[in-house]
Amino acid sequence: MDINVMSALAEPTRMQIVELLRECPLTVGEIAERLQLRQPQASKHLRVLSEAGIVEAEVDANRRIYRLRPDPFRELDKWLANYRVIWEQRFDRLDDYLQKLQGKDTKK
């Protein structure tokens with residue numbers, strides 16, 4: 001997992017931008033308006049997201065239209081999958097233990 005991706009996503013405003021871009025591609029101005037930011041602030045956050053490889057921009061005349069890149073999210077999902085397995089195993093053991101406490105020891 002790329003630490004730059006995690007660092008970029010850790011900032012609340014950048015996470016809000018990612019949530020907006022999940023719906024559809026947007027220009028800097030549209031992002032700034034929806035999040036009630038000044039355009040330079042939105043551009044700064046988008047630059048960080050772009051440098052981390054999370055977003056990409058398409059130039060259309062004098063506008064830059066931003067969209068999410070899928071690769072960082074696939075990597076994040078793959079990284080989290082290991083933790084999902086661990087937690088599922090722990091929850092299964094907890095469920096077994098609770099069933100024993102209730103006198104309902106069932107074999108899987």
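What to note about this one:
- Any hit, the range 3-20, residues being outside any helix (DSSP H, G or I) and within 13 Å of the chain's Cα centre (by Cα): yes
- Flag for residue 48 being open to solvent by less than 100 Å² (accessible area, probe 1.4 Å) and either modelled with pLDDT of 90 or more or among the polar types (S, T, N, Q) (or both): yes
- Within the range 8-44, considering residues that are open to solvent by less than 70 Å² (accessible area, probe 1.4 Å) and small (Gly, Ala, Ser), the one nearest to residue 69 (Cα to Cα): 8
- Count of the range 51-68 residues which are in contact (Cβ under 8 Å) with a residue 12 or more places away in the chain, closer than 14 Å to residue 26 by Cα and surrounded by fewer than 15 Cβ atoms within 10 Å (Cβ to Cβ): 4
- Tabulated pairs, the range 75-87, first open to solvent by 70 Å² or more (accessible area, probe 1.4 Å), second assigned to a helix (DSSP H, G or I) and aliphatic (A, V, I, L, M), C-beta under 9 angstrom, 6+ apart or interchain: 75/5
- Taken together, the residues in the range 26-73 that are part of a helix (DSSP H, G or I), touching a Gly at 6+ places or on another chain (Cβ under 9 Å) and over 16 Å from residue 16 (Cβ atoms) amount to 2.
The values are calculated or read from the model by the stated rules, or taken from the named source; none is laboratory data. Nothing here was measured: the structure is a model prediction, and the numbers come from that model. Reconstructed Cβ throughout: ideal geometry from the backbone, glycine too, with neighbour counts over all protein chains shown. The area values use the complete protein model at the heavy-atom level, side chains included, leaving out ligands, DNA and RNA. Shrake-Rupley method; radii C 1.70, N 1.55, O 1.52, S 1.80 Å.
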